[in-house]
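Right, one structure below, let's go through it.
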Amino acid sequence: MLFTTPLFILGFLPIALAGFHVAGRLGGSSGGLPATLCWLIAASLVFYGWWNPWHLPLLISSILVNHPIARQIGRSSTPRLWLTAGLTLNLGVLAIFKYADFLRQTIAPGVPPFGLALPLAISFFTFQQIMFLVDTARDPDRPRPTLLSYAAFVTFFPHLIAGPLVRPAEIIPQLARPGRLDADQITDGLLIFLLGLGRKCVLADMFGSFADTGFAAAEAGQTLTFFEAWYATLSYALQIYFDFAGYSDMALGLARMFNIRFPLNFDSPYQARDIADFWRRWHITLGAFLRTYVYIPLGGNRHHHTANLMATMLLAGLWHGAGWNFILWGGWHGVMLSLHAAWRRLNRPLPAPLGQTITLLGVILAWVPFRTGSVTGISAMFAGLSGLNGITLPRMIVNAMPPLAAIAQPVSVMPSLGDARTLSFPEVTACLLLGWCIVLALPNIHRMSINLRHWALTSGFALSVQAVFFAPHVAPFLYFQF
Amino acid sequence: MRRLLLCCASSLAIYLLLFAGILDRPLTLGALQARIDANLARGQQIEGPKLVIIAGSNGPYSHRCETIEPILGLPCVNAGVAVGVGLDYLFARWETQLHKGDIVYLPLEEAQYARQHASAALGPDAAIMLRHDRTTLAAMPWHRITAAVFTGDLRGLVMSMIEMTLNHDGFHDPRASLTGTVNAWGDHVGHTPALGQPNQDVLARFMPYHPDGAQITNGYGSTLIARFLDTARARGITVIGGLPTGFADSPIAAEALDAIRTLYRAHATPFLALPNLSRYPRTAFFDSADHLNEQAQQTHSVAVANALAAMLDTIPTSTQAILYPTPMPASNPTPMPASNPTPMPASNPTPMPAMPPPAVTASLSGPMP
C-alpha cells in the first residue's frame, strides 16, 4: 500500500488511528499496551502484505528469529558467537534475495537467473534488525524489549517500507507509552504528512516525468544535446530529493499521529557547504547507520581513513541496489569524501559559495550513474552534459535572442526534453527554476516556522488533492526499490 | 486543527479561482478549442446531409475532406482534433450539429478505444470546458465535472503563465511553418514530405504502441463509442467505423482488430476496412505514426472516399434518398478566418511511388442489407 493512494489516506489511516485509540482505551489505566501493540502490528502487516502477501512470512520469520538471538546475545556467555550468527543470517537473507542474481551475473553470466522476487523493503527491515543485534551486543545490560514491542518496532508501518532507519533505543521506549490519540500530535503529524505528500506527488512526480524522457533517450543510445542532458539530470536530482524527502516527511508525520517521534532524515542537503556536510543532511539515518555500524568499526579516521571511507561508501552504493551503477555512485561519493578530507588537512577553506557549488555539482553528476543502469546510458548522458553533442535551442528562443545563434543551433523541437513540444523548453526551464529555488533558497519544512508551514500547505494542498485523486498516474516511491 | 483545515479550504478556493477563472492556455488548449469551434461552425453552415469525420489527429492529418467531398458529392467536415480530446466531449459538441441523414465516419485511433476512465476525464477538453465551455461541462456526468474542476496541475499552472505571457506579447506561433496549417474543411494541409523530411530519422526508429484486444474491449473509450453508436442510430444518423492510419510494419494486432470490428458489429454499425487496413510505409508519414504526409493523405482520402461511396450504395440509410436523387456538386465552403490563418497553396497531387495502390473496395463487417 502506498502512502499516496486514496485507499491509504481515506481508508487505512483513519481505521489504523481509530483502532489505535480504541485499543488504547481497552486497557483502562494501564493504557492498553498489549492491545495497542497488537493493533499496530496487525495494521502494519496488512499494510505490508497489501502489495504481496507472500512476502509476509519472510518478515515475520525475520522478527521471530532475531528477537531470540538478541536475547541470547544478552544472556549467553558467548555473545559474539550469537552476534556473528545473527549478522550472518540477516546478511545471508539479504544476499540471497537482493544480491544473488547480481553475483551470478558478475561471476557466471551464462548461468540462468535465479529469478527471486525482491521482497519489499528487505534492506530496511534487515538493517533495522542488524542495528538491534549490534546495539544489544554493545550494551547487554540494556532492558530488552518483549517480542510484542520488538515486532511493533520492526513492523511499524510508517518506517517499514522505506525508513527512516531508526535506532531501536529511540523508538521502542516510545512504543511503551499508552496508545491514546493526542489532538496536537494529530494536527502536527497531519500537517507534516500533507506537506510531504505535496513534495512527493506534486513536485517529485513532475520532475520525474522530465527526467524520464532524457534518461530513456540516453539508455536507448540516442544523442542528447547540452540542454537536454542537463535538464534531465537536474530534474532527476530534484525528483529523487523531493521523492525521498517527501516520503520521509510523510513517515515522520504518520509516526507523530501515533505519538512516535522519528528522527529527521533530510535537512536541505543541496544547501550543504561540503560533501561531508551533504552526508550529514542527506538520508541522515542511513548516514548515521553507516558511520556507527560500518565506518567506525572499520577504524574510522584513526587509521586507513581513505580506505574506510571508500569501503563505507561502496557499501552505501551496494545497499541502494545490486548493480555496478550503484557501486559507481557509492565510489564517486567515497572519492569526493576522501578528497574533501585531504583538502581539510591542507587547512585552506574554500569560500562558502564555491564550496557549495562544487559539492552540488559533484552530487548532481553522481546521480547520472545512479539513475542510469547501462554503460550506454551513462556515456550518452555524459556526452550530452559535456556538450560533445552540441547545443540546440528552440528556434523561437533563438529568434527572440539572436546572439544565442552563435552558440546554439536552432531546432523546431528538442526531442528529449519534456514532452518534445514547441514550448517544452520554457516549461521545463520554469519548473526547474521553481524546484531549485525551493531546495536552495527555502528552509525545509522542519526548519519552517509554523506560519510558513501553513503558507506552504495553502499553496500546495489543492495540487496534492489533484495529484492523489485525479492524476491518472502517480509514480511509486523511488526508494521502494531499495 | 482548525487552522490546518482553514489552510486546506483556502488552498482549494485559490486553486478553483486560478484554474476556473484566471489561468488559461491560449496557445495549446486555445488552439484546440478554436479548431473544434471552427469545425462546428462549418458543420452548422451546411444544410442537408453531410459527412463528418471524427477521430484523433489522424483525422485531419491523414484524411482530406477537400478530396473526399467531390468524390462522394457530400459536404464534408474533418472534425478530428487530437487523440487526447475526450470522445464524450466531441460527441456532445457534435450532437446538436448532427441530423438525420448525416454520415459520421470514425477512423478512431486505437488509444481512443482503450483509454481508461481516469485519463479520459483529465484530457485537454476538461480544461477547455472548465475555462470556456461550462455549458457542455454542466451536461456531463458528475465524475467528469469533478475531474474537470481538478484538471490543473503544477505543470499546467506553469504553462498557463508562460502561454498567457507569450500570447500577451504577440508571440508568433511557429507551428504553421513547422507542420503546415488547416484548411476550411478542417483538413491539415501543407504537411508536405519535404517539410516532414527532418522527422524521418525519428519515424524510422519509432515503435508505436498497440493496445491489445482486451484493452480495446474494456476501455472506457469503447463504452463512449458504443453509446454514441446507439444514440446516432436512433436519430437516423449513419455511423461507419474505420481504421486509423499507421505504419505498415506495425499493424494493429489481429485480436485488437477483431475487438474493434466486434464493437461496431455489436451495435449494428457498418465498418470500413481498406484492403491495406490503412497501413502505409513509414516514409509516407509526416511526424508521427498517425500522421500521413500530405501526398499520402490525398491518396488515402481517395481510397476512403471510393470505399465509402461503394459502401453507401449498399447501406439503406436515410441519406440515400436525400443524396443520390440529386448528386451534390463539390461544395465550396466559405473559408473561416479562425480556422485558416495562413492558407497553404494547393498541394501537389503527385502519386507516391512507394505507396501501395489506392484501395477502392471496402470490406464490410457491418450489417448487410
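Tabulated data for the structure shown
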{"item": "Given (1) surrounded by fewer than 24 Cβ atoms within 10 Å (Cβ to Cβ); (2) of a type in the set (A, V, I, L, M, F, W, C); (3) at pLDDT 90 or above, index of the condition A:Cys201 fails", "result": "(1)"}
{"item": "Among the candidates A:Thr36, A:Thr84, residue that is at pLDDT 85 or above, under 17 Å from A:Arg138 (Cβ atoms), assigned to a helix (DSSP H, G or I) and not small (Gly, Ala, Ser)", "result": "A:Thr84"}
{"item": "Residue that is within 11 Å of another protein chain (Cβ to nearest Cβ) and either in a strand (DSSP E or B) or free of Cβ contacts under 8 Å to residues at least 24 places away in the same chain (or both), where the choices are B:Leu27, B:Leu5, B:Leu16", "result": "B:Leu5"}
{"item": "Flag if B:Thr146 is within 27 Å of A:Val468 (Cα to Cα) and touching a helix residue (DSSP H, G or I) at 6+ places or on another chain (Cβ under 7 Å)", "result": "no"}
{"item": "Residues being at negative phi, among the small types (Gly, Ala, Ser) and more than 12 Å from every other protein chain (Cβ to nearest Cβ) - total across region A:389-412", "result": "3"}
{"item": "Members of region A:170-227 that are away from chain B (no Cβ under 14 Å) and without any contact (Cβ under 8 Å) to a residue 60 or more places away in the chain", "result": "A:Ile172, A:Pro173"}
{"item": "Test set (1) within 28 Å of the chain's Cα centre (by Cα); (2) surrounded by 14 or more Cβ atoms within 10 Å (Cβ to Cβ) - A:Arg395 fails condition number", "result": "(1)"}
{"item": "Residue list for region A:222-264, filter: within 30 Å of A:Asp182 (Cβ to Cβ) and among the small types (Gly, Ala, Ser)", "result": "A:Ala245, A:Gly246, A:Ser248, A:Ala251, A:Gly253, A:Ala255"}
{"item": "Failed item, numbered, when A:Thr36 is tested on (1) under 17 Å from A:Leu148 (Cα atoms); (2) within 25 Å of the chain's Cα centre (by Cα); (3) of a type in the set (S, T, N, Q)", "result": "(2)"}
{"item": "Test for A:Asp243: is it out of contact with any Gly (no Cβ under 6 Å at 6 or more places or on another chain), closer than 25 Å to B:Arg155 by Cβ and among the charged types (D, E, K, R)", "result": "yes"}
{"item": "Long-range neighbours under 7 Å by Cβ, at least six apart or interchain, first residue farther than 11 Å from B:Leu29 by Cβ and more than 7 Å from chain A (Cβ to nearest Cβ) within region B:143-164, second small (Gly, Ala, Ser) and surrounded by 21 or more Cβ atoms within 10 Å (Cβ to Cβ)", "result": "B:His143/B:Ala121; B:Arg144/B:Ala121; B:Ala148/B:Ala126"}
{"item": "Total residues in region A:404-415, condition out of contact with any Phe, Trp or Tyr (no Cβ under 9 Å at 6 or more places or on another chain) and in a loop (DSSP other than H, G, I, E, B)", "result": "3"}
{"item": "Residue match in region A:10-18 (condition: more than 26 Å from the chain's Cα centre (by Cα), closer than 30 Å to A:Ala467 by Cα and surrounded by fewer than 17 Cβ atoms within 10 Å (Cβ to Cβ))", "result": "yes"}
{"item": "Residues located in region B:175-201, provided they are farther than 30 Å from B:Gln44 by Cα and free of Cβ contacts under 8 Å to residues at least 24 places away in the same chain", "result": "B:Leu178, B:Ala194, B:Gln197, B:Pro198, B:Asp201"}
{"item": "Counted residues, region B:278-292 - those being modelled with pLDDT under 95 and assigned to a loop (DSSP other than H, G, I, E, B)", "result": "2"}
{"item": "Criterion (among the β-branched types (Val, Ile, Thr), farther than 21 Å from A:Pro426 by Cβ and surrounded by 17 or more Cβ atoms within 10 Å (Cβ to Cβ)) met by exactly one of B:Ile36, B:Ile14", "result": "B:Ile36"}
{"item": "Top-ranked residue in region A:42-70 [being part of a helix (DSSP H, G or I) and of a type in the set (Phe, Trp, Tyr); ranked as surrounded by the fewest Cβ atoms within 10 Å (Cβ to Cβ)]", "result": "A:Trp54"}
{"item": "Members of region A:247-276 found to be under 12 Å from the mean Cα position of the chain (by Cα) and among the hydroxyl-bearing types (Ser, Thr, Tyr), listed by number", "result": "A:Tyr247, A:Ser248"}
{"item": "All positions within region A:409-423 that are within 37 Å of the chain's Cα centre (by Cα) and free of Cβ contacts under 8 Å to residues at least 60 places away in the same chain", "result": "A:Val413, A:Arg421, A:Thr422, A:Leu423"}
{"item": "Residue match in region A:229-238 (condition: of a type in the set (A, V, I, L, M), assigned by TED's automatic domain parsing to the domain that holds A:Ser416, under 14 Å from the mean Cα position of the chain (by Cα) and modelled with pLDDT of 95 or more)", "result": "yes"}
{"item": "Subset of region A:136-152 [over 13 Å from A:Ala176 (Cβ atoms), surrounded by fewer than 18 Cβ atoms within 10 Å (Cβ to Cβ) and out of contact with any Ser or Thr (no Cβ under 8 Å at 6 or more places or on another chain)]", "result": "A:Arg138, A:Asp139, A:Pro140, A:Asp141, A:Leu147"}
{"item": "Test: residue in region A:121-142 that is in a loop (DSSP other than H, G, I, E, B), over 25 Å from the mean Cα position of the chain (by Cα), among the acidic types (Asp, Glu) and not assigned by TED's automatic domain parsing to the domain that holds A:Asn90", "result": "no"}
{"item": "Criterion violated by B:Ser11 - all others in (1) outside any helix (DSSP H, G or I); (2) in contact with a Phe, Trp or Tyr (Cβ under 7 Å, 6 or more places away or on another chain); (3) among the small types (Gly, Ala, Ser) satisfied", "result": "(1)"}
{"item": "Of residues in region A:303-356 being under 17 Å from A:Arg291 (Cα atoms) and of a type in the set (Val, Ile, Thr), the one modelled with the lowest pLDDT", "result": "A:Thr306"}
{"item": "Boolean, B:Leu32 is of a type in the set (A, V, I, L, M), outside any helix (DSSP H, G or I) and in contact (Cβ under 8 Å) with a residue 24 or more places away in the chain", "result": "no"}
{"item": "Conditions (1) in a helix (DSSP H, G or I); (2) away from chain B (no Cβ under 13 Å); (3) aliphatic (A, V, I, L, M); number of the one not met by A:Ile445", "result": "(1)"}
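Yes/no matrix, rows are residues, columns are (1) at pLDDT 90 or above; (2) in the same structural domain as A:Phe262 (by TED's automatic domain parsing); (3) touching a strand residue (DSSP E or B) at 6+ places or on another chain (Cβ under 7 Å); (4) under 28 Å from B:Ala121 (Cα atoms):
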position: A:His446; (1), (2), (3), (4): no, yes, no, no
position: A:Asn451; (1), (2), (3), (4): yes, yes, no, no
position: A:His454; (1), (2), (3), (4): yes, yes, no, no
position: A:Ser459; (1), (2), (3), (4): yes, yes, no, yes
position: A:Ser464; (1), (2), (3), (4): yes, yes, no, yes
position: A:Ala467; (1), (2), (3), (4): yes, yes, no, yes
position: A:Phe470; (1), (2), (3), (4): no, yes, no, yes
position: A:His473; (1), (2), (3), (4): no, yes, no, yes
position: A:Pro476; (1), (2), (3), (4): no, yes, no, yes
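The values are calculated or read from the model by the stated rules, or taken from the named source; none is laboratory data. From a predicted model like this one, the values you see are computed outputs, not experimental measurements. Quick reminder, even Gly has a Cβ in these numbers, built from the backbone with ideal geometry, and neighbours come from all protein chains shown.
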